[in-house]
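Reading through the structure tokens given below for one structure.
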Amino acid sequence: MGLAKSAKSLAVCYLRHKTRYSDLFVGSFTQTRDSFLTRFCSSSSSSSMEKVYFRNASDSKELDIVFRFANSSLRIDREFNFRRQMNEPIGAVLARIQSNIQNRLAKTSKKSGKPPAEINVKLLSDSNDGSCNELTFAELFSKDFTGVKLQVVDTVYDMVFNPPWIASLKLPSCILAGFVIYPTNVQIQFGDRQYSKGVWYKAKRPTDTHWEVCGEGFQYLVSPQDVGYFLKFVLTPRNKQGIDGPVVEKVASSAVQDSPGLCPFQSRHRHTPNYLSDSNEIRVVSYNLLADLYASSDYAGSTLFSYCPSKYLQIDYRKPLLINEIIGYKADLICLQEVDQRIFDFDLREILEQPPYNFHGILAPKGKCAEGVAVFFRKSRFELLDSQVLHLGPNIPKLPVFNSLWNKIKANSQLAERICDRSTTLQTCLLRIKETDKYVLVANTHLYFHPDADHIRLLQMGFSTLYIEHIISKAVHDFNISSPQNIGLIFCGDFNSVPECGIYKLMTEQLADESLEDWRSNPEQAVSNVELSQPFQMLSAYGAPEFTHYTTLFSGCLDYIFYQNDRFELLKNVPLPTEEELKANTAIPSAVFPSDHVALVADLRFKSAAALT
């Protein structure tokens, strides 16, 4: 949408994000302090009349008033916004508007040496008897107010109540050529995203008056030709009825940076050029994203990832790499670990849940921790039947399904206390493959990490498989599934366990016997007379690769996609990065690896009925 130079042809409106009202006195006018966020009132009406916008959220008593007053004879062209109370008399609000405009003119007059003009602000109505002034805005907007106008000097404004409205909009601080950019924290009130319109512009300087259109929609693939330019996103909010609200434009705080070069995951994308088309085939991704909670800590910078320049640990740098890597695998199921709540809400959902990807995402926080595990599935492929989040620790002594194993270990008070105090979370989603009678139970977890905790992790896996067995049995009954053979288990995660340990044996051999060294990883909490078994015939989609995690402190295989091999056959897995790639910058994360783990990507096919029998 172009910017009209004439104030008569386009009204320009501004409203700060709600968190910035802390420095705004109620009812006072302010000039735009954030030069990168300005609201432009849409000229969707066929009338040339200016508009004043009123907004009152249903859960608030506050009223936002936004309009632009432009008068060449008074030498003023300024956006005004006010925050008043819905139950305040209209007359008092008009007096405050008049006073604030008068004060602004007084400052201008002081500079020019001319006396300030007198300002008149009033409501015009059919009766013109001033009766509206005795009402509150709450009373006015509860009635038919179509004949009521606001007049400021000789400018008459049409009053619009609760138009489509953008309450929040941000752009990332790091924009890389060759990667998708998107607005974050987009909050549209009284409108709908699917009817709203976004346009991308670029210019050499953020203060330029001429901006070149470079893309449309909520996402834009940044071009190498954009390097050195500032990008601007202009969003017109709109509702289903086609009514526009004030337009918002946001200019990025920094210019587009050059690409970091070819990232190894871009080479891996060559193995996933298209989505799978066979309804019985499923592409699965499992990926530990390295939560910002850990990457930004002092310990991470000084010890864990001391080899990585700090700018590459910043989440604003890592986000475009993570997002572009994930979408490039063209998956059907995505299981993620170490997902920050904010990254899930404002980045992953912002991209994955919108066209053309159309995933549905579910986050399972780890207790009170600000990160957790998440599952995304393509809505065109799957129907969600059930979703469960189990915080293992506090539920181990509570759930009847755990009694048999719990009774064997609870006598060791140190062991019992340690395992019950963990925030480890197991997430499950039961999905029906659309247009088939096949079902997938997706399990996702991130097991406890500590060097002396092999026994804790192995027990956590034992409790997890007990719970999964219970979930499947219950699902057959609850959803009238004709046979348990129609349900296939896919268990993904960061298990913090190398293939030589008991978890891999439990999953692939269905047994972890009592002779395993895992049980004695902590002598004071040693587990005795316990062996674990589980009923699922499982294999690892990658077998036992050398590395899925690579740092200077530790490198090895910690991540797995376990799949039920009497339900699925493995079609292929996407080759992992080579050790040469992993250590090209000492270790990962790095400029081209956004996490300390690598993504696992596997294509599975649900076996035919004949093969299942």
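Okay, here's what the table says:
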read-out: Candidate set: the range 31-57, residues that are outside any strand (DSSP E or B) and more than 19 Å from MET159 (Cβ to Cβ); chosen: the one modelled with the lowest pLDDT; value: ARG33
read-out: Lone unmet requirement of (1) more than 30 Å from ILE588 (Cβ to Cβ); (2) of a type in the set (Val, Ile, Thr); (3) crowded, with 21+ Cβ neighbours inside 10 Å for THR548; value: (1)
read-out: Counted residues, the range 60-74 - those being outside any strand (DSSP E or B) and touching a helix residue (DSSP H, G or I) at 6+ places or on another chain (Cβ under 8 Å); value: 1
read-out: Candidate set from the range 423-439 (those that are polar (S, T, N, Q) and at pLDDT below 95); member that is surrounded by the most Cβ atoms within 10 Å (Cβ to Cβ); value: SER423
read-out: Among the residues listed as VAL213, VAL186, VAL180, the single one being on the phi < 0 side of the Ramachandran plot, among the aliphatic types (A, V, I, L, M), at pLDDT 90 or above and over 17 Å from the mean Cα position of the chain (by Cα); value: VAL213
read-out: Breaking point among (1) surrounded by 17 or more Cβ atoms within 10 Å (Cβ to Cβ); (2) over 29 Å from the mean Cα position of the chain (by Cα), for LEU571; value: (1)
read-out: Contacts under 8 angstrom Cβ, first residue in the range 381-402 being within 25 Å of PHE359 (Cα to Cα) and assigned by TED's automatic domain parsing to the domain that holds LEU466, partner assigned to a strand (DSSP E or B) and of a type in the set (Phe, Trp, Tyr), 6 or more apart; value: LEU384/PHE377; LEU385/TYR439
read-out: Sole residue being touching a strand residue (DSSP E or B) at 6+ places or on another chain (Cβ under 8 Å), surrounded by fewer than 20 Cβ atoms within 10 Å (Cβ to Cβ) and either of a type in the set (Gly, Ala, Ser) or free of Cβ contacts under 8 Å to residues at least 12 places away in the same chain (or both), chosen from ALA374, ALA370; value: ALA370
read-out: Count of the range 538-596 residues which are of a type in the set (Gly, Ala, Ser), farther than 27 Å from LEU506 by Cα and outside any loop (DSSP other than H, G, I, E, B); value: 0
read-out: Boolean, SER28 is at pLDDT below 50, within 19 Å of TYR157 (Cβ to Cβ), not acidic (Asp, Glu) and not in a strand (DSSP E or B); value: no
read-out: Which listed residue, of ILE362, ILE327, ILE334, is assigned to a helix (DSSP H, G or I), under 26 Å from ASP278 (Cα atoms), aliphatic (A, V, I, L, M) and in the same structural domain as LEU293 (by TED's automatic domain parsing); value: ILE327
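The values are calculated or read from the model by the stated rules, or taken from the named source; none is laboratory data. Computed from a predicted model, the values in this text were never measured in an experiment. Cβ atoms come from the backbone with ideal geometry, glycine included; neighbour counts cover every protein chain shown.
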